[in-house]
Amino acid sequence: MKTYTYTEKKDTRSGFGAGLAELGRTNPNVVALCADLIGSLKMNQFIDENPERFFQIGIAEANMMGIAAGLTIGGKIPFTGTFANFSTGRVYDQIRQSIAYSDKNVKICASHAGLTLGEDGATHQILEDIGLMKMLPGMVVINTCDYNQTKAATIAIADYNGPVYLRFGRPAVPVFMPEDQEFKIGKAIKLTQGSDVTIVATGHLVWEALEAAKLLHTKGVSAEVLNIHTIKPLDDQAILESVSKTGCIVTAEEHNFLGGLGESVARVLALNKPTPQEFVATNDTFGESGTPTQLMEKYGLNSDAITKKVIKVISRK
Amino acid sequence: MSNKKLQDLTTQVRRDILRMVHKVNSGHPGGSLGCTEFLVVLYLNIMNRTNDFNMDGVNEDLFFLSNGHISPVFYSVLARSGYFPVEELNTFRLLDSRLQGHPTTHEGLPGVRIASGSLGQGLSVALGAAESKKLNNDNSLIYTLHGDGELQEGQNWEAIMYASAKNIDNLIATIDLNGKQIDGATDDVLAMGSIKEKFEAFDWTVIEIENGNDISSIIDGMALAKDATGKGKPVCVLLKTMMGNGVDFMMHTHAWHGKAPNDDQLEIALNQNPETLGDY
């Protein structure tokens, strides 16, 4: 089995900051907006290098989404930056009318998604944002897994013409994807070959899926891990090809099972190839304060939880 | 364009509005009729623009309608300004039409740059377009129109605060002060006090047009507003209008905010606004 290692841990939001800084140097149409969270979103370098292309909006996210929509008129490519809950639920109608329905080329970049925001607790830990955003017609939804992938995705979405929701997180997590990867929107990446079970994971759960696959390998279970960075449009073909071989699937995400990746996968399976599926996701609940590790354990979002679901889903074959 | 021609066009646009909403027995004639003179003067007399619609609109003045429910007057003025054939007004609110109940870019109607209808979002979008013009070293202006009731939406005040803080001085935001909203007088629904003092407190330049249904007053007021741009401050025009203007039974009431006339009412209304440039 192919194994993955890492030499350092970095936060995915720094990958966003690095990608944005590179875009600042390569694409004169890219502009950035922030609602009083420059440091948290790691936007400093872009701002230092391109002060005239940065818009500090203040604590006014609704206004930020509208201004971003307006900036596209005249050819700019706006990247908005704030926490995931302020990027989605707080401004849903602004995104719906002024960006999605108006076909505006805005990149909504959202940090601190999910439980791993940690100690700030449930007010800030959105677990519903993937669902909110994937329901908007025409919206692309991406959830990246490490620093390198987040940087590559940030750069790639500037070349895509249309609204995008890019979701990433707060804590330092293993860097295991290659630095020079090509990021293709909507194209799953097969990380391990396997024959007994498919594990489809997104965001921080991709590393946990690899850890689970490693453990399962020692128990004689061969797991195929797919890194699904794009939840919409979903790579139906990659999922169907994999389950044709394995006959069962576990989906893993730092999000409510309602509205998340797992439900999108279930639809693909129901329409094409009914297959036993287990969900690693939060169970229709808010989060709470705690360290990221404690929270991921309590809410069943780590490699142990994935391993248990794998054993269960194999028994259902 | 001469005032006589502007007046004739205004009367024709009024007929368009009435016929559009009557045909589909829905839509918003009250606010549309109240803003007819303003939009006619804005498009035919004030704005520097081309009829070849291009979304980016570089080097031309742009207009954003924030109170999208007055789509009948917007569509009529766009058509009569040359953006699309006036016959298309016949499709207002029908299935497969580009003239949706509220304006949208989604169906590709020339002249529309943003969807509006869910209130309070237009000023933010206009600010973004104004920032885009500044980045492009484009000296043309951004115009907007908002309902007075619409100012009850909080997003406006985020945008109003931003505009002065960031010296957005290439924008003229016009507020349709007709004092009415769906449930009644704005003072009864949610009194806003002095809108003039509120804008001034947010450090905007405020121009008042006392008779917002008089073509000369609008021309003079908008000239003052234009002179006030480029001086470091955003400009607000308070346009005092009569909802339902030009149709006697639709004036002095909020009843026609979102109600279409029946056959008899249409005939009376059209008789008060005789055909000038030809019906569509």
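None of the figures in this text is laboratory data; all of them are computed from the coordinates on show. All values derive from a computational prediction rather than experimental measurement. For neighbour counting, all protein chains shown are included, and Cβ atoms are generated from backbone atoms with ideal geometry for every residue, glycine included.
Miscellaneous remarks
- Stokes-Einstein translational diffusion, segment A:126-264 - Kirkwood Rh over all Cα pairs, 1.567 mPa s, 4 °C, in µm²/s: 85 µm²/s
- For segment A:101-232, a crude dipole built from +1 on the beta carbon of Lys and Arg and -1 on the beta carbon of Asp and Glu, taken about the Cα centre, is about 260 debye to the nearest 20.
- Backbone geometry of segment B:129-143 corresponds, through the Karplus equation with coefficients 6.51, -1.76 and 1.60 at θ = phi - 60°, to 3J(HN,Hα) couplings of 5, 5, 5, 4, 4, 5, 5, 8, 6, 9, 8, 6, 10, 10, 10 Hz, x marking Gly and Pro.
- Crossing angle, helix B:215-227 versus chain B [Cα axis fit, 0-90 degrees, rounded to tens]: 20 degrees
- For the Cα trace of segment B:144-205, dividing Rg by the Kirkwood Rh returns an Rg/Rh value of 0.97.
- Value of Rg to Rh for segment B:152-280, rounded to two decimals, is 1.05; Kirkwood radius and Rg both from alpha-carbon coordinates.
- Here the 3J(HN,Hα) profile of segment B:91-103, calculated from phi with Karplus coefficients 6.51, -1.76 and 1.60 at θ = phi - 60°, is 9, 3, 6, 8, 4, 6, 8, 7, 9, 5, x, 10, x Hz, Gly and Pro shown as x.
- Ranked list, fewest to most other Cβ atoms within 10 Å of each Cβ, for A:Lys104, A:Lys190: A:Lys190, A:Lys104
- Average projection, convex hull of the Cα set of the protein assembly as shown: 27.9 square nanometres.
- Of all DSSP beta bridges in chain A, antiparallel share, percent nearest 5: 15 percent
- Once Rg and the Kirkwood radius are both taken over the C-alpha atoms of segment A:230-315, their ratio Rg/Rh works out to 1.00.
- Estimated vicinal HN-Hα couplings, Hz - segment B:54-67 in sequence order (Karplus 6.51, -1.76, 1.60; Gly, Pro = x): 9, 3, 5, x, 5, 6, 9, 6, 10, 10, 10, 8, 8, 8
- Cβ-Cβ FRET estimate between A:Leu271 and B:Asn59, R0 fixed at 56 Å, reported to 0.05: 0.70
- Highest-MSF residue in chain B out of B:Leu145, B:Leu94, B:Leu266 [GNM, Cα springs under 10 Å]: B:Leu94
- Cleavage-rule hits, trypsin sites (Lys or Arg not before Pro), segment A:199-307, DSSP coil, Cβ neighbours within 10 Å at most 10: A:Lys219
- Per residue, chain B reaches -11000 deg cm²/dmol at 222 nm when only DSSP H runs of four or more residues are counted, each adding -39500 (n - 2.57).
- Among the GluC sites (Glu not before Pro) found in segment A:3-107, those both in a DSSP coil and sparsely packed, with 12 or fewer other Cβ atoms within 10 Å of their Cβ, are A:Glu8.
- Nearest-20 debye value, chain A charge dipole, Cβ charges on Lys, Arg, Asp, Glu: 680 debye
- Projected label distance in nm at B:Lys226 and B:Ser118, using a 7 Å step from Cα toward the beta-carbon: 3.6 nm
- Sequence-distant residues sharing a close amide H with B:Phe63 (under 5 Å, placed H): B:Tyr143
- Applying Stokes-Einstein at 25 °C and 0.890 mPa s to the Kirkwood radius of segment A:1-60, computed over alpha-carbon pairs, gives a translational diffusion coefficient of 192 µm² s⁻¹.
- Listed residues B:Gly232, B:Phe53, B:Ile182: farthest to the positive end of the dipole of the protein assembly as shown (Cβ charges): B:Phe53
- Two-site FRET efficiency, A:Leu240 against B:Ser140, from Cβ-Cβ distance with R₀ of 51 Å, rounded to 0.05: 0.45
- Relative intensity of segment B:3-271 on a log10 scale, I(q)/I(0) at q = 0.16 Å⁻¹, equals -1.25, per a Debye sum over C-alpha point scatterers of equal strength in the absence of solvent.
- Compared with the direct C-alpha span, the chain from B:Asn271 to B:Met192 gains 24.7 nm at full extension, assuming 0.36 nm per residue.
- Beyond 30 Å, the tail of the calculated P(r) for segment A:9-174 holds 6 percent of the Cα pairs.
- Low-density loop cleavage sites - GluC sites (Glu not before Pro) in segment B:150-228, where at most 16 other Cβ are within 10 Å (DSSP): B:Glu210
- Separation of alpha-carbon centers, segment B:92-111 and segment B:154-222, rounded to whole Å: 28 Å
- Size of charge dipole - segment A:220-317 - debye, nearest 20, with Cβ of Lys, Arg +1 and Asp, Glu -1, no other charges: 400 debye
- Each label was represented as a point 7 Å from its Cα along the Cα-to-Cβ direction; for B:Met251 and B:Val24 these points are 2.8 nm apart.
- For chain B: relative contact order, % (alpha-carbon pairs under 8 angstrom, 6 or more apart): 27 percent
- Every helix of 4 or more DSSP H residues in chain A counts as -39500 (n - 2.57), and over all residues that averages to -10500 deg cm²/dmol at 222 nm.
- Paramagnetic reach from B:Leu94 (point 7 Å along Cα→Cβ, amide N under 18 Å) across segment B:8-25: B:16-25
- Gyration tensor analysis over the Cα atoms of chain A returns equivalent ellipsoid semi-axes of 32, 19, 18 Å (largest first, whole Å).
- Nitroxide proxy distance, nm - points 7 Å out along Cα→Cβ at A:Asp159 and B:Asp8: 5.6 nm
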